[in-house]
Structure formats: C-alpha cells, structure tokens
Amino acid sequence: MTTKVTQFVKHQVAHHFDNAEHEFDAAKLGMWAFLIQEILFFGGLFVAYFIFRAMYPAMFVEAHHHLSWQLGGLNTIFLITSSFTMAMAVRSAQVSQKNKLILFLVLTFLFAGGFMCVKYVEYMTKIHHGYLPAKWFFGTGTFDTEPLFFGLYFTMTGLHGLHVLIGMGLIAWLIIRSNRGEFHKDYYTPVEMVGLYWHLVDLIWIFLFPLLYLIG
Amino acid sequence: MSESAPVKDNYLNSPKGIWSWIYTLDHKRIGIMYLAAISVAFILGGIFALLLRLEHLNPGPLLFTAKQYNQLFTLHGAIMVFLFIVPSIPASLGNFILPMQLGAKDVAFPRLNLTSYYIYLIGAIFCIYSMIAGAADTGWTFYTPYSSTTDTSVISMTLGAFILGFSSILTGINFLVTIHKMRAPGMSWFKMPLFIWALYATAIIQVLATPVLAITLLLLVLERTMNIGIFNPALGGDPVLFEHFFWFYSHPAVYIMILPAMGVISELITAFCKRDIFGYKLVAYSSIAIAIIAFLVWGHHLFVSGQSDAANSIFSLLTFLVGIPSGIKVFNWIATMYKGTIDFKTPFLYALSFLALFCIGGFTGIMLGALSFDVFAHDTYFVVAHFHYVMMGGVVMAFLGGLHYWWPKMFGKMYSEFWGRIACALIFIGFNMVFFTQFILGSKGMPRRYFNYLDQYQPLHAFSTYGSWVLGLGLLLVLIYLIDSLVDGKPAPANPWGALTLEWQTDSPPITENFTHTPEVHHGPYAFDKVKPS
Ligand SMILES: [Cu+2]
C-alpha cells in the first residue's frame with residue numbers, strides 16, 4: 001500500500017470549506033437536491049403518461065406490441081449491470097484501488113454504450129416502419145390516437161437516452177481523471193456523485209421499461 | 001473619490017481587470033453582475049409597460065397594431081417574470097448577502113454559481129432573439145393550443161424560459177446547500193436572519209417546481225417541432241393538461257418571487273425599528289408553510305377551464321389557506337413596530353409601501369380564490385391589478401427597499417436620502433394610480449389583454465396611463481441618484497443603519513473573503529435588547 005500512495009494526486013480543499021469532509025458533505029447534499037429535481041422533471045412525463053393511459057387504455061395495449069420487449073429487456077440487463085459496476089467503481093475509489101477503479105468505469109461505459117446501440121436499433125426499426133409521432137406516423141394501427149403513444153415513447157426514451165449520453169460523458173471524464181490518480185480514499189467526491197447520477201438514470205429506466213414495453 | 005484617503009482593498013477593486021470579473025467566483029461580484037443584468041431586464045420590461053399604457057390612452061389604435069400589442073404584452077410579461085422578478089431578489093441581493101449573513105466566505109459551490117449566471121445570460125439571449133425574430137404573442141403563459149399554432153417565435157421564447165429555469169434551479173440548489181452547510185459557528189437554525197429562512201423556502205420551491213416548468217416548456221417545443229400531440233386535441237392530446245403543468249410551476253413561482261421579498265421586509269422592519277422581530281419562529285415557519293401550500297393551489301387558475309366542481313371547491317379552499325401564513329407575517333411585522341424606535345429612512349418607507357400594497361394584493365387574491373367571484377372577474381383587469389399589487393407592489397417594493405438597505409454595503413457609498421424619499425413617494429403614488437384604477441376597470445368588466453376597449457372606459461384607462469408616467473418618473477429618479485451615488489456619494493460606514501446581522505460587521509464594501517476572522521454567533525439576529533450595535 002505504502003508504495004502505491006505515490007501515484008495519487010493530493011486533493012486541495014476549496015478555500016471556503018473547513019476540511020475535506022465538510023466539502024464532501026456539501027457536494028453530496030447538492031447532488032441529492034439535483035437528483036430530486038431530475039425526478040420532478042421526469043415526473044411531468046410520467047403524469048402525462050398515466051393520464052393518457054387512463055384515457056386510452058386499449059390503444060396503449062395495442063401500440064405497445066410494436067415495441068420489442070426482448071430488446072428492452074436486454075437494455076434493462078445492460079443498465080442494471082452497469083449500475084453494479086458503477087457501485088464497484090465507487091468502492092474501488094474509496095479503497096484507493098486505481099486499476100480496479102479504471103476497469104469498473106470502463107465496464108460501466110461499455111454497458112452504457114451497449115444500451116445506446118440497442119436503443120439506436122430500436123429507433124431505426126420504429127422510424128423504418130413509421131411508428132412515429134403525429135404527422136410522421138405511417139405505421140398500421142387500429143386507433144387514431146396511436147401516434148400519441150409514440151409521441152410519449154420518443155419523448156420519454158429520448159430524454160432518458162440523452163441522460164445516458166451525458167452519463168457516458170461524465171464517466172469518460174472520470175476515467176481520464178482516475179488515470180491521473182486523482183481519486184483515492186481521501187478524495188473520491190466526483191466518482192460518488194456521478195455514481196449517484198448513474199443510479200438515477202438506471203432507476204428511471206426501471207420504471208420506463210415496464211410502463212412502455214410490458215403493458216397488458 | 002478623494003485622493004488623500006488611501007483606498008483599502010475590497011472585493012470591488014481587487015483583483016483588477018475585466019477578466020477578473022468575467023471569471024470571478026466571488027458571490028459578491030456575481031451578485032453585482034446579476035444586479036446589472038436584472039436591472040437591464042427591468043428597464044426593458046418597464047419600457048414595454050409604458051408603451052402598453054400609452055396605447056390605452058384612447059380607444060382605437062394609437063401606436064401599434066393589434067398583433068404588435070399582443071407581442072408587446074407577451075414580452076412585457078415574459079421579461080418581467082423570467083428575466084427580472086424570479087431572479088431579482090435571490091440572485092442579486094441573495095447572492096451578495098446570503099453568505100455574509102451566514103458568516104461564510106462564499107456560497108457552497110462558487111463555480112456552479114458563476115455557471116448559473118452564464119446560463120441566465122444564454123437564456124436571456126434566446127428571449128432577446130425571440131424579440132427580434134417575430135416576437136411571441138401568446139402571453140407569458142404560452143397557453144396551448146394557440147401557442148402550438150401561432151406563427152410567432154414561440155420556440156425561442158420558451159427555450160429561453162427553459163434555460164432560465166435551469167439557472168434558477170442551480171441557484172436554488174446552491175443556496176439550499178449553503179444554508180445547510182456554511183453557517184458560522186454558533187449560528188443554529190433559529191439564530192439565522194429571517195431573510196435566510198425566506199431564501200431557504202424559496203430554494204425548496206425552485207428545486208421542486210422549476211423542473212416541472214422545464215418539462216412543460218420542452219413538451220411545448222416538441223409539440224411545435226415534432227408534433228408529439230400531447231397538448232393537441234386533434235391527436236388525442238389535451239390542451240388543459242398544459243394549463244395544469246404550467247400552473248403547477250407558475251403558482252409556486254409566485255412564491256419564488258414573494259418569499260424573498262418577505263425576507264427582506266423582516267430585515268428592514270427590525271433594522272429600522274431597532275426591535276427584535278415579534279414571533280421569530282412563526283415568521284420563519286410561515287415561510288416554509290407558504291412553500292408547502294404553494295404546491296397545492298395551482299387549480300385556482302383553471303376555475304373556468306372545465307375543471308370539475310369538486311376540484312374547484314378544493315382548490316378554492318386550499319387557496320384561502322395561503323392567507324394564514326401570509327397574515328401571520330403581516331401581523332408580526334406590525335407587532336414588531338409597536339413601541340419600536342422607528343427611523344423613517346428610505347428602505348423603511350419601502351417596507352411600509354410593501355405592507356400596504358401587499359395587503360391589498362393579498363386580500364384581492366383571497367377574493368379571486370372564491371369561486372363565485374372568480375367566475376365574474378376571471379381574465380379581467382381585476383386579475384391584472386391583483387397580481388401587479390403582489391408582484392410589483394410586493395416584490396418590487398421589497399427589492400427596492402432591500403437595494404437601498406444594502407447599497408452602502410455593496411458599493412461603500414451612501415445615496416441621497418432626500419431624493420430616495422421623494423422617489424419612493426412618487427413610486428407609491430404612481431403605482432396606485434396605475435393599478436388601483438385597474439381594479440375598478442376590472443370590476444366594470446374590462447377584459448385583460450384586449451387591444452381595444454369601449455369608450456366608457458376611457459377616463460379610467462387614461463388615468464391609469466398618467467399614473468404610469470408618475471411611476472416611471474419615480475423609478476427613473478432611483479436609477480439616477482443611485483448611479484450618482486457611485487460617483488459622488490459619501491463613503492458608507494460599516495454599519496450605517498445600526499443593524500445586527502453579520503453582513504454589517506465587516507467593511508463597506510467588504511473584502512474578498514467577507515470577514516477577516518470567521519464570526520461567532522452568540523445571540524439571535526435581532527437581539528437589540530441584548531447588544532448595542534457597533
Ligand atoms: Cu396562483
């Protein structure tokens with residue numbers, strides 16, 4: 001252990017905090033507040049979803065058959081696994097295991113990338129068969145209101161996908177900084193914060209998946 | 001600036017240079033930069049208001065076409081709400097004062113604080129772009145289905161408001177954490193100044209309500225660009241859903257505006273009466289109570305939008321509840337003055353104006369919360385007068401009061417007390433001329449947002465317009481003597497008002513890290529009976 005310490009960079013506590021713990025607590029509280037606002041942001045979409053599902057139950061059941069639960073399921077596995085690797089990354093940072101930290105971050109990044117690839121395939125199939133919002137809709141459907149389902153589908157998964165992309169950017173940034181040896185048992189705030197964010201992104205998908213893919 | 005006296009280092013003069021401002025992480029500089037930005041927004045929105053009033057001097061077209069008129073009141077509303085009032089007290093005065101009242105060196109996240117400011121500027125650019133590229137004509141409320149079909153530039157305006165919302169959320173998070181984590185040793189929750197309590201309640205609403213506005217506006221943008229159909233009845237969507245979403249944010253947003261104003265008033269009244277606040281805990285808790293009730297009353301904007309009678313009655317009842325914590329505050333402020341040593345300085349005059357105008361605004365709010373009356377007065381000038389009494393009579397009065405109160409601290413200069421009092425009187429008289437008249441107009445049936453009106457309303461409309469000139473003159477005076485004080489003002493002592501909160505214990509203007517030694521707190525913020533102000 002003592003020989004490894006040299007490869008780490010010492011963290012400088014910002015001037016307006018008393019000590020590193022004070023700084024960490026503040027960052028964590030801020031992150032939780034940010035996550036709460038994220039939940040409310042998506043909350044609006046979920047409210048819209050439930051209102052229209054209550055208004056058009058039969059249409060929702062019919063429309064969801066155009067989504068592939070297999071691909072959605074695969075993506076669910078990807079994200080849940082990535083949440084696990086992210087948690088392991090945080091753990092590795094806490095015990096100053098640089099190589100493991102980088103390994104788990106890279107794995108998380110790859111699972112996230114896998115998620116986006118599957119999402120891309122799904123979107124392309126929808127676009128190809130015309131299951132699109134409103135005026136672009138040319139798929140086959142028994143209900144006039146079916147484009148509304150796809151309006152919701154693309155908005156909800158699109159915004160979630162954007163959050164995955166942002167998460168990938170953040171993880172890439174963590175990988176670069178980990179490589180420089182900036183994270184260790186005395187300072188791992190960014191790893192922990194991105195971890196929290198990543199779990200939320202995962203959690204939102206855990207709700208999106210059954211609500212969109214597994215109706216009926 | 002006298003040449004003989006050596007100029008001490010303070011946050012204004014060190015470090016020097018334009019880049020030291022652009023990259024600054026100092027909450028005080030960021031507060032000043034906000035102050036400049038919101039002042040520009042206020043002047044712009046104010047010019048639009050004057051033009052709108054001028055148009056109504058006589059019935060029939062005078063300056064504008066009907067469509068231009070619609071665009072003007074939309075710009076007036078959107079700029080005043082999103083660019084001025086929402087950020088006004090928290091982002092400018094709050095940024096400057098909050099860490100100092102806590103005895104801290106800075107907010108918890110200085111870099112995030114600067115980011116919020118630049119996000120605000122980007123949002124402002126979108127709004128200004130909308131202004132030149134076929135300004136939106138939907139009203140600041142962007143109601144669908146009109147907003148999804150009009151050919152004016154709704155997208156840039158809503159994107160602007162969306163971006164400004166993020167600035168507001170980030171400021172809220174920053175203040176929330178600062179209040180939790182950065183208090184000076186000895187400052188327990190109940191030793192915090194009431195301005196801090198008010199900003200805390202505001203931050204809660206900013207974090208919980210603003211994201212709902214964000215998603216609503218985003219959905220509106222998607223509706224216009226991608227036709228997702230959520231608000232479009234032709235595609236199975238529901239335009240009333242937009243109203244629900246919009247007011248779920250925008251009613252609490254009213255408290256994002258008024259709560260910090262109430263916090264300022266608590267500071268002004270204690271400082272100029274030299275008395276401890278009557279019922280500290282009640283005033284503090286009532287801020288939190290208002291923040292909670294704020295989320296349960298949005299339906300009072302939909303009394304005539306086809307909401308069920310049961311929902312209407314519940315929303316009406318809940319709306320009345322807001323009167324209780326607001327009433328508690330007003331009575332406690334008045335009780336604080338009782339047997340106080342009142343000093344009628346300019347900031348205190350604004351506090352008194354606030355009390356009078358906010359009471360009128362509040363009572364008419366209760367009237368409008370009553371179903372039977374609201375159906376009659378809905379979308380008339382009565383509503384316009386009501387919310388201007390709260391927004392301008394309440395928030396802007398408190399903002400001006402706070403600005404005068406903290407001006408010596410911010411810039412180290414005293415403004416002219418003589419002109420301050422005159423301007424305050426002009427603003428108070430002008431404001432009532434403009435808007436009390438509009439209560440009468442509204443009760444006589446004058447609908448809001450109408451370009452033209454019947455001849456019978458002409459005398460009242462004209463009187464309201466004359467009032468707008470008095471009001472405008474008063475505000476112009478403020479601008480002139482405040483700027484003049486920067487050049488010619490007497491140097492301000494550290495504590496010109498003899499107040500006890502921590503920001504007065506350091507130099508005017510303060511040094512970069514606020515205090516030479518972290519202060520320790522042993523008594524409440526207004527313990528005038530225990531401490532002699534230094
Ligand atoms: Cu309301």
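The values are calculated or read from the model by the stated rules, or taken from the named source; none is laboratory data. Owing to the predicted nature of the structure, the values given are computational and were not obtained by experimental measurement. So basically every Cβ, Gly included, is an ideal-geometry build from the backbone, and we count neighbours across all protein chains shown. Side chains are part of the model used for accessible areas, which takes the heavy atoms of the whole protein and leaves out ligands, DNA and RNA. Shrake-Rupley method; radii C 1.70, N 1.55, O 1.52, S 1.80 Å.
Partners of B:Lys274 within straight-line reach, counting aspartates and glutamates whose Cα lies under 12 Å from its Cα and excluding those fewer than 8 residues away in the same chain: B:Asp343, B:Asp529. Here the spin labels are modelled as points 7 Å beyond Cα on the Cα-Cβ line, and at A:Ile215 and B:Leu62 they lie 5.4 nm apart.
With each label modelled as a point 7 angstrom along the Cα→C-beta vector, the A:Trp69-B:Ala184 pair spans 6.3 nm.
Straight-line cross-link reach from B:Lys105 at under 20 Å between alpha-carbon atoms covers these lysines, not counting any fewer than eight positions away in the same chain: A:Lys28, B:Lys8, B:Lys16, B:Lys28, B:Lys181, B:Lys191, B:Lys409. Solvent-accessible area per residue in the range B:27-505 equals 33 Å², computed with a 1.4 angstrom probe and all protein chains kept. Average accessible surface for chain A: 46 Å² per residue, computed with a 1.4 Å probe over protein heavy atoms with every protein chain in place. Dipole orientation for the range B:27-505: of the candidates B:Ser313, B:Phe303, B:Thr336, B:Thr336 has the Cα lying most toward the positive pole (charges on Cβ; Lys, Arg +1; Asp, Glu -1). A DSSP coil position with no more than 14 other Cβ atoms inside 10 Å describes the following trypsin sites (Lys or Arg not before Pro) in the range B:304-352: B:Lys339. Structural descriptor for chain B: relative contact order 18 percent, calculated from alpha carbon pairs under 8 angstrom and at least 6 residues apart.
With a ≥ b ≥ c the root eigenvalues of the C-alpha gyration tensor of the range A:2-69, is it rounded (a/c under 1.5), prolate (a/b larger than b/c) or oblate? Verdict is oblate for the range A:2-69. Counting Lys and Arg as +1 and Asp and Glu as -1, what is the net charge of the other residues whose Cβ lies under 13 Å from the Cβ of A:Ile102? Net charge in that neighbourhood comes out at +3. For chain A, the relative contact order works out to 33 percent when only alpha carbon pairs closer than 8 Å and six or more residues apart are counted. Summary of the geometry: the range A:12-32 and the range A:164-216, compared by the centres of their Cα atoms, lie 20 Å apart.
Return the whole-Å distance between the Cα centroid of the range B:19-47 and the Cα centroid of the range B:93-116. Cα centroid to Cα centroid, the span is 14 Å. Leaving ligands and nucleic acids aside, the A/B contact buries around 2800 square angstrom of accessible area in total at a 1.4 Å probe radius.
Close amide H pairs (under 5 Å, H built 1.01 Å from N) link B:Lys413 with B:Ala492, residues at least 5 positions away or on another chain. Carbon and sulfur: what percent of the protein assembly as shown's accessible surface (1.4 Å probe)? It is 70 percent, rounded to a whole number. Put simply, the C-alpha atoms of the range A:119-183 give a gyration tensor, and the ellipsoid matching it has half-axes of 38, 11, 6 Å, longest first.
Working from label points 7 Å from Cα in the Cα-to-Cβ sense, the B:Ile125 to B:Ile440 distance is 4.8 nm.
Given +1 at the Cβ of Lys and Arg, -1 at the Cβ of Asp and Glu and no other charges, the dipole of chain B around its Cα centre is 940 debye to the nearest 20. Once backbone amide H atoms are built at 1.01 Å from N, B:Thr380 has B:Arg448 as its partners under 5 Å, excluding neighbours fewer than 5 places away on the same chain. Note on the range B:364-391 and the range B:172-188: Cα centroid distance 38 Å, given to the nearest whole angstrom. Which of rounded, prolate or oblate describes the range B:364-424 when judged by the alpha-carbon gyration tensor and an a/c cut-off of 1.5? It is prolate, given that a/c is not under 1.5 and a/b is the larger ratio.
For the range B:474-519, the mean projected area of the C-alpha convex hull, equal to one quarter of the hull surface, is 4.4 nm².
Percent of Cα pairs in the range A:68-213 per distance bin of 10 Å, from zero to the largest separation: 12, 38, 25, 15, 8, 2, 0. By its C-alpha gyration tensor, with a ≥ b ≥ c as the square roots of the eigenvalues, how is the protein assembly as shown shaped: rounded for a/c under 1.5, else prolate for a/b larger than b/c, else oblate? Since a/c reaches 1.5 but b/c is at least a/b, the shape of the protein assembly as shown is classed as oblate. Please enumerate, by chain and number, the lysines with C-alpha under 21 Å from the C-alpha of A:Lys135, excluding those fewer than 8 residues away in the same chain. The reachable lysines, counting only those whose Cα sits under 21 Å from A:Lys135, are A:Lys126.
Along the charge dipole of chain B, which of B:Leu426, B:Gly186, B:His461 sits closest to the positive end, that is, farthest toward it, with unit charges on the beta carbon of Lys, Arg, Asp and Glu (+1, +1, -1, -1)? Going by the Cα projections, it comes out as B:Gly186.
Counted without the sites themselves, the longest stretch of chain B free of GluC sites (Glu not before Pro) in a DSSP loop having at most 12 other beta carbon atoms within 10 Å is B:4-519. Couplings 3J(HN,Hα) for the range B:123-129, derived from phi with the Karplus relation 6.51 cos²θ - 1.76 cosθ + 1.60 (θ = phi - 60°), are x, 4, 5, 4, 5, 5, 4 Hz, where x marks Gly and Pro. With the cut-off at 40 Å, report for chain B the share of all Cα pairs above it, as a whole percent. Percent of Cα pairs beyond 40 Å in chain B: 20. Since only A:Leu211, A:Gly114, A:Met156 are under comparison, the one whose Cα sits farthest along the positive direction of the charge dipole of the range A:68-213, derived from C-beta charges on Lys, Arg, Asp and Glu, is A:Gly114. Which residues of the range A:14-32 show a drop of at least 40 Å² in accessible area when all protein chains are present, compared with their chain alone (probe radius 1.4 Å, heavy atoms only, ligands and nucleic acids excluded)? Correct list: A:His15, A:His16, A:His22, A:Ala26, A:Leu29.
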